[in-house]
1. What FRET efficiency comes out for the pair residue 263/residue 55, r = Cβ-Cβ distance, R0 = 25 Å, nearest 0.05?
2. Could you tell me which residue out of 186, 28, 94 lies farthest along the dipole of the chain toward its positive end? Charges go on the beta carbon: Lys and Arg +1, Asp and Glu -1, centred on the Cα centre.
3. Take the alpha carbon gyration tensor of segment 1-100, find the square roots of its eigenvalues, order them as a ≥ b ≥ c, and report rounded if a/c is under 1.5; if not, report prolate when a/b exceeds b/c, else oblate.
4. Under a 1.4 Å probe, what is the accessible area of segment 48-148 per residue, stated in Å²?
5. Suppose every K and R has +1 on its Cβ and every D and E has -1 on its Cβ; what is the size of the dipole of segment 104-232 about the Cα centre, in Debye to the nearest 20?
6. Would you calculate a helix-derived [θ] at 222 nm for the chain, using -39,500 (n - 2.57) for each DSSP H run of n ≥ 4 and dividing by the full residue count, to the nearest 500?
7. Within the accessible area of segment 122-212, what % is carbon and sulfur when the probe is 1.4 Å and the other protein chains stay in place?
8. Could you tell me which of rounded, prolate or oblate describes segment 150-208, using a ≥ b ≥ c as the square roots of the eigenvalues of the alpha-carbon gyration tensor, with rounded for a/c under 1.5 and, failing that, prolate when a/b is larger than b/c and oblate otherwise?
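The values are calculated or read from the model by the stated rules, or taken from the named source; none is laboratory data. If you're wondering where the values come from, they're calculated on a predicted model, not measured in any experiment. Cβ sites come from the backbone with ideal geometry, for glycine too, and all protein chains shown count toward neighbours. Quick note on the areas: whole protein, heavy atoms, side chains included, nothing else; ligands and nucleic acids left out. Shrake-Rupley method; radii C 1.70, N 1.55, O 1.52, S 1.80 Å.
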Amino acid sequence: MHYIDSAPSVRSELYIPAGSADAPFTVAITPEDAGWSESSLHVVDLGSGGEVALNTRDNEVMILPLSGGGTVQCGGESFELTDRASVFDGPADMVYLGILQAYRLSGHGRIAVCGARATASFPNRRVAAADVAVELRGAGNCSRQVHNFGTATTFEADSLIACEVITPGGNWSSYPAHKHDENTEVETQLEEIYYFEIDDSPVGTTGFGYHRVYGTPERPIEVLEEVRSGDVVLVPHGYHGPSIAAPGHHMYYLNVMAGSGPTRAWLICDDPNHTWLRGSWEHQEIDPRLPFGAGASEGA
(Lines give C-alpha, C1' and ligand atoms only; values in the text may rest on other atoms or scores of the structure.)
Protein backbone atom coordinates (compact mmCIF):
# COMPACT_ATOMS: atom_id res chain seq x y z
CA MET A 1 0.00 0.00 0.00
CA HIS A 2 1.33 3.44 -0.96
CA TYR A 3 0.83 6.40 1.34
CA ILE A 4 1.19 9.99 0.12
CA ASP A 5 2.54 12.25 2.86
CA SER A 6 1.83 15.58 1.23
CA ALA A 7 -0.81 18.29 1.16
CA PRO A 8 -3.61 18.06 -1.46
CA SER A 9 -3.15 20.03 -4.69
CA VAL A 10 -6.58 21.67 -4.67
CA ARG A 11 -6.77 24.43 -2.07
CA SER A 12 -9.30 26.94 -0.87
CA GLU A 13 -8.52 30.61 -1.50
CA LEU A 14 -8.82 30.98 2.29
CA TYR A 15 -5.72 28.80 2.76
CA ILE A 16 -2.34 30.58 2.72
CA PRO A 17 0.65 28.23 2.59
CA ALA A 18 3.78 28.58 4.70
CA GLY A 19 6.48 30.77 3.21
CA SER A 20 4.21 32.60 0.79
CA ALA A 21 5.35 36.07 1.92
CA ASP A 22 8.50 37.98 0.93
CA ALA A 23 11.46 38.06 3.35
CA PRO A 24 11.83 38.96 6.15
CA PHE A 25 8.22 37.81 6.56
CA THR A 26 7.01 34.22 6.40
CA VAL A 27 3.39 35.41 6.79
CA ALA A 28 2.13 38.84 5.70
CA ILE A 29 -1.66 39.17 5.78
CA THR A 30 -3.29 42.59 5.66
CA PRO A 31 -7.04 43.23 5.67
CA GLU A 32 -6.77 43.97 1.96
CA ASP A 33 -5.07 40.61 1.32
CA ALA A 34 -7.76 38.80 3.28
CA GLY A 35 -10.62 40.64 1.60
CA TRP A 36 -11.99 42.03 4.84
CA SER A 37 -11.59 45.17 6.92
CA GLU A 38 -9.99 44.58 10.33
CA SER A 39 -7.62 41.68 11.16
CA SER A 40 -3.97 41.21 10.14
CA LEU A 41 -0.98 39.01 10.91
CA HIS A 42 2.72 39.22 10.10
CA VAL A 43 5.40 36.73 11.11
CA VAL A 44 8.93 38.14 10.96
CA ASP A 45 11.87 35.75 10.55
CA LEU A 46 14.92 37.41 12.12
CA GLY A 47 17.11 34.35 11.59
CA SER A 48 20.07 34.05 13.93
CA GLY A 49 20.02 37.81 14.43
CA GLY A 50 18.39 40.70 12.64
CA GLU A 51 16.40 43.91 12.83
CA VAL A 52 13.42 45.32 10.97
CA ALA A 53 11.77 48.76 11.05
CA LEU A 54 7.96 48.68 11.12
CA ASN A 55 5.03 51.03 11.68
CA THR A 56 1.68 50.29 13.29
CA ARG A 57 -0.07 52.90 11.06
CA ASP A 58 -3.83 52.58 11.74
CA ASN A 59 -3.44 49.28 13.59
CA GLU A 60 -2.88 48.30 17.18
CA VAL A 61 -0.54 45.29 17.47
CA MET A 62 0.39 42.51 19.87
CA ILE A 63 3.95 41.22 19.34
CA LEU A 64 5.17 37.87 20.68
CA PRO A 65 7.94 35.38 19.85
CA LEU A 66 6.97 32.05 18.32
CA SER A 67 10.56 30.86 18.75
CA GLY A 68 13.48 33.00 19.81
CA GLY A 69 13.23 36.44 21.34
CA GLY A 70 14.32 40.03 21.05
CA THR A 71 13.53 43.65 21.75
CA VAL A 72 10.81 46.07 20.66
CA GLN A 73 11.94 49.71 20.60
CA CYS A 74 9.28 52.40 20.22
CA GLY A 75 9.16 56.09 21.10
CA GLY A 76 12.13 56.00 23.46
CA GLU A 77 10.86 52.86 25.23
CA SER A 78 12.40 49.40 25.03
CA PHE A 79 10.45 46.19 25.72
CA GLU A 80 12.07 42.77 26.08
CA LEU A 81 10.70 39.61 24.48
CA THR A 82 12.29 36.81 26.49
CA ASP A 83 13.44 33.77 24.52
CA ARG A 84 10.90 31.02 23.96
CA ALA A 85 12.22 27.69 22.63
CA SER A 86 9.04 26.92 20.68
CA VAL A 87 5.29 27.49 20.75
CA PHE A 88 4.97 24.27 22.77
CA ASP A 89 7.16 25.66 25.58
CA GLY A 90 4.48 27.57 27.49
CA PRO A 91 3.31 31.19 27.08
CA ALA A 92 5.47 33.99 25.69
CA ASP A 93 6.04 37.62 26.59
CA MET A 94 3.77 39.99 24.65
CA VAL A 95 4.27 43.65 23.77
CA TYR A 96 1.30 45.85 22.86
CA LEU A 97 1.72 48.96 20.70
CA GLY A 98 -1.03 51.40 19.81
CA ILE A 99 -1.80 53.14 16.53
CA LEU A 100 0.42 55.52 14.51
CA GLN A 101 3.81 54.46 15.87
CA ALA A 102 7.14 53.61 14.28
CA TYR A 103 9.09 50.83 15.99
CA ARG A 104 12.09 48.53 15.60
CA LEU A 105 12.01 44.80 16.17
CA SER A 106 15.39 43.15 16.73
CA GLY A 107 16.50 39.74 17.92
CA HIS A 108 16.49 36.20 16.57
CA GLY A 109 13.94 33.58 15.59
CA ARG A 110 10.36 34.10 14.46
CA ILE A 111 8.21 36.89 15.89
CA ALA A 112 4.44 37.24 15.35
CA VAL A 113 2.81 40.65 14.96
CA CYS A 114 -0.96 40.35 15.45
CA GLY A 115 -2.88 43.40 14.26
CA ALA A 116 -6.28 45.03 13.96
CA ARG A 117 -7.56 48.35 12.70
CA ALA A 118 -8.19 50.68 15.63
CA THR A 119 -9.28 54.23 16.37
CA ALA A 120 -8.67 54.64 20.11
CA SER A 121 -5.11 54.80 21.43
CA PHE A 122 -4.02 52.69 24.40
CA PRO A 123 -0.65 52.81 26.25
CA ASN A 124 2.26 50.72 25.01
CA ARG A 125 3.01 47.96 27.50
CA ARG A 126 4.47 44.50 28.04
CA VAL A 127 2.84 41.38 29.51
CA ALA A 128 5.37 38.90 30.92
CA ALA A 129 4.93 35.24 30.04
CA ALA A 130 4.49 34.43 33.73
CA ASP A 131 1.46 36.74 33.86
CA VAL A 132 -0.38 35.23 30.87
CA ALA A 133 -3.59 33.47 31.91
CA VAL A 134 -3.38 29.80 30.93
CA GLU A 135 -6.64 27.89 30.63
CA LEU A 136 -7.50 24.24 30.00
CA ARG A 137 -10.67 23.77 27.95
CA GLY A 138 -12.73 20.73 27.09
CA ALA A 139 -12.02 17.18 28.30
CA GLY A 140 -11.00 13.80 26.97
CA ASN A 141 -9.95 13.97 23.32
CA CYS A 142 -11.37 17.50 23.11
CA SER A 143 -8.87 18.80 25.69
CA ARG A 144 -6.72 21.79 24.72
CA GLN A 145 -4.65 24.55 26.34
CA VAL A 146 -5.30 28.25 25.76
CA HIS A 147 -2.89 31.15 26.40
CA ASN A 148 -5.14 34.20 26.92
CA PHE A 149 -2.50 36.89 26.43
CA GLY A 150 -4.74 39.22 24.43
CA THR A 151 -8.35 38.22 24.93
CA ALA A 152 -11.11 40.71 25.65
CA THR A 153 -11.49 39.64 29.29
CA THR A 154 -7.77 39.65 30.13
CA PHE A 155 -6.24 42.60 28.23
CA GLU A 156 -7.52 46.09 27.43
CA ALA A 157 -7.36 47.19 23.81
CA ASP A 158 -9.52 48.90 21.20
CA SER A 159 -10.45 46.06 18.85
CA LEU A 160 -7.77 43.34 18.68
CA ILE A 161 -8.37 39.94 20.29
CA ALA A 162 -5.67 37.24 20.20
CA CYS A 163 -4.74 34.00 21.93
CA GLU A 164 -2.74 30.78 21.46
CA VAL A 165 -4.17 27.24 21.53
CA ILE A 166 -2.25 23.97 21.90
CA THR A 167 -4.01 20.71 21.01
CA PRO A 168 -2.30 17.40 21.99
CA GLY A 169 -1.78 14.90 19.19
CA GLY A 170 -4.95 12.98 18.37
CA ASN A 171 -7.24 15.59 19.94
CA TRP A 172 -9.87 17.91 18.45
CA SER A 173 -10.16 21.61 19.31
CA SER A 174 -12.24 24.58 18.17
CA TYR A 175 -14.98 22.07 18.83
CA PRO A 176 -17.97 22.09 18.96
CA ALA A 177 -17.86 24.10 15.75
CA HIS A 178 -18.91 27.68 16.43
CA LYS A 179 -19.34 30.98 14.65
CA HIS A 180 -19.04 34.70 15.37
CA ASP A 181 -20.12 36.50 12.22
CA GLU A 182 -23.07 38.64 13.37
CA ASN A 183 -23.45 41.48 15.85
CA THR A 184 -26.32 40.36 18.10
CA GLU A 185 -26.96 40.04 21.83
CA VAL A 186 -25.32 36.59 21.81
CA GLU A 187 -22.70 36.90 19.07
CA THR A 188 -20.02 39.34 17.88
CA GLN A 189 -18.85 39.72 14.29
CA LEU A 190 -15.14 38.85 14.20
CA GLU A 191 -12.81 38.15 11.28
CA GLU A 192 -10.41 35.40 12.38
CA ILE A 193 -6.94 34.25 11.34
CA TYR A 194 -5.66 30.78 12.27
CA TYR A 195 -1.85 30.43 12.09
CA PHE A 196 -0.65 26.84 12.61
CA GLU A 197 2.49 25.10 13.80
CA ILE A 198 2.72 21.31 14.14
CA ASP A 199 5.17 19.58 16.48
CA ASP A 200 7.53 16.96 15.10
CA SER A 201 6.97 13.39 16.27
CA PRO A 202 9.28 11.81 18.87
CA VAL A 203 11.25 10.24 15.99
CA GLY A 204 11.59 13.56 14.17
CA THR A 205 9.03 13.22 11.39
CA THR A 206 7.03 16.29 10.37
CA GLY A 207 3.36 16.41 11.24
CA PHE A 208 0.07 17.79 9.98
CA GLY A 209 -3.49 18.49 11.03
CA TYR A 210 -6.85 19.48 9.56
CA HIS A 211 -9.06 22.53 9.86
CA ARG A 212 -12.73 22.86 8.88
CA VAL A 213 -14.92 25.90 8.08
CA TYR A 214 -18.50 25.65 6.87
CA GLY A 215 -21.38 28.06 6.49
CA THR A 216 -25.14 28.39 6.71
CA PRO A 217 -27.64 28.16 3.83
CA GLU A 218 -27.77 31.96 3.80
CA ARG A 219 -23.95 32.37 3.82
CA PRO A 220 -22.32 29.23 2.41
CA ILE A 221 -18.60 28.58 2.81
CA GLU A 222 -16.68 25.30 2.51
CA VAL A 223 -13.10 24.77 3.72
CA LEU A 224 -11.36 21.54 4.72
CA GLU A 225 -7.61 22.02 4.72
CA GLU A 226 -4.62 19.92 5.64
CA VAL A 227 -2.33 22.25 7.59
CA ARG A 228 1.34 22.11 8.43
CA SER A 229 3.76 24.43 10.23
CA GLY A 230 3.49 28.00 9.00
CA ASP A 231 0.18 27.58 7.20
CA VAL A 232 -2.74 29.98 7.66
CA VAL A 233 -6.50 29.57 7.24
CA LEU A 234 -8.74 32.65 7.08
CA VAL A 235 -12.24 32.56 8.59
CA PRO A 236 -14.32 35.46 7.24
CA HIS A 237 -17.61 33.95 8.44
CA GLY A 238 -19.31 30.65 9.16
CA TYR A 239 -18.89 27.81 11.64
CA HIS A 240 -15.28 26.81 12.20
CA GLY A 241 -13.94 23.67 13.79
CA PRO A 242 -12.78 21.18 14.42
CA SER A 243 -9.05 21.75 14.29
CA ILE A 244 -7.71 18.20 14.40
CA ALA A 245 -4.18 17.25 15.48
CA ALA A 246 -2.94 14.04 13.87
CA PRO A 247 -1.94 11.37 16.42
CA GLY A 248 1.71 11.73 17.38
CA HIS A 249 1.85 15.44 16.49
CA HIS A 250 0.76 18.24 18.80
CA MET A 251 -0.93 21.19 17.08
CA TYR A 252 -0.51 24.89 17.87
CA TYR A 253 -2.52 27.76 16.46
CA LEU A 254 -2.44 31.50 16.97
CA ASN A 255 -5.86 33.14 16.70
CA VAL A 256 -6.11 36.80 15.63
CA MET A 257 -9.58 38.41 15.64
CA ALA A 258 -11.25 41.78 15.23
CA GLY A 259 -14.63 43.01 14.05
CA SER A 260 -16.68 46.00 13.08
CA GLY A 261 -19.07 45.93 16.01
CA PRO A 262 -19.22 48.46 18.85
CA THR A 263 -18.16 45.95 21.52
CA ARG A 264 -14.79 44.20 21.86
CA ALA A 265 -15.93 40.76 22.94
CA TRP A 266 -15.67 37.11 21.89
CA LEU A 267 -19.30 35.98 21.81
CA ILE A 268 -19.96 32.77 19.90
CA CYS A 269 -22.81 30.49 18.85
CA ASP A 270 -22.24 26.74 18.63
CA ASP A 271 -23.48 24.69 15.72
CA PRO A 272 -26.71 23.49 17.39
CA ASN A 273 -26.08 19.96 16.09
CA HIS A 274 -22.89 19.72 18.13
CA THR A 275 -23.39 21.79 21.27
CA TRP A 276 -24.51 18.69 23.23
CA LEU A 277 -20.83 17.68 23.31
CA ARG A 278 -20.11 20.24 26.01
CA GLY A 279 -22.29 18.29 28.42
CA SER A 280 -20.34 15.10 27.71
CA TRP A 281 -17.17 16.70 29.10
CA GLU A 282 -18.62 16.82 32.63
CA HIS A 283 -17.87 13.10 33.06
CA GLN A 284 -14.43 13.08 31.44
CA GLU A 285 -10.98 13.98 32.71
CA ILE A 286 -8.75 16.57 31.04
CA ASP A 287 -6.06 14.99 28.87
CA PRO A 288 -3.18 14.15 31.28
CA ARG A 289 -0.63 15.45 28.75
CA LEU A 290 -1.76 18.96 29.64
CA PRO A 291 -0.58 21.49 30.55
CA PHE A 292 2.37 22.14 28.25
CA GLY A 293 5.09 24.23 29.85
CA ALA A 294 2.94 25.95 32.51
CA GLY A 295 0.30 25.47 35.18
CA ALA A 296 -3.29 26.12 34.19
CA SER A 297 -6.85 26.36 35.46
CA GLU A 298 -9.78 24.49 33.99
CA GLY A 299 -12.17 26.37 31.71
CA ALA A 300 -15.04 25.94 29.29
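1. Working: r = 28 Å, r/R0 = 1.11.
The calculated FRET efficiency here is 0.35.
2. 94
3. Oblate.
4. Here the residues of segment 48-148 average 37 Å² of exposed surface.
5. Using Cβ point charges on Lys, Arg, Asp and Glu, segment 104-232 gives about 440 debye.
6. Values: 2 runs with 8 residues, N = 300.
It comes out at -500 deg cm²/dmol, rounded to the nearest 500.
7. Reported share for carbon and sulfur atoms: 51 percent.
8. prolate
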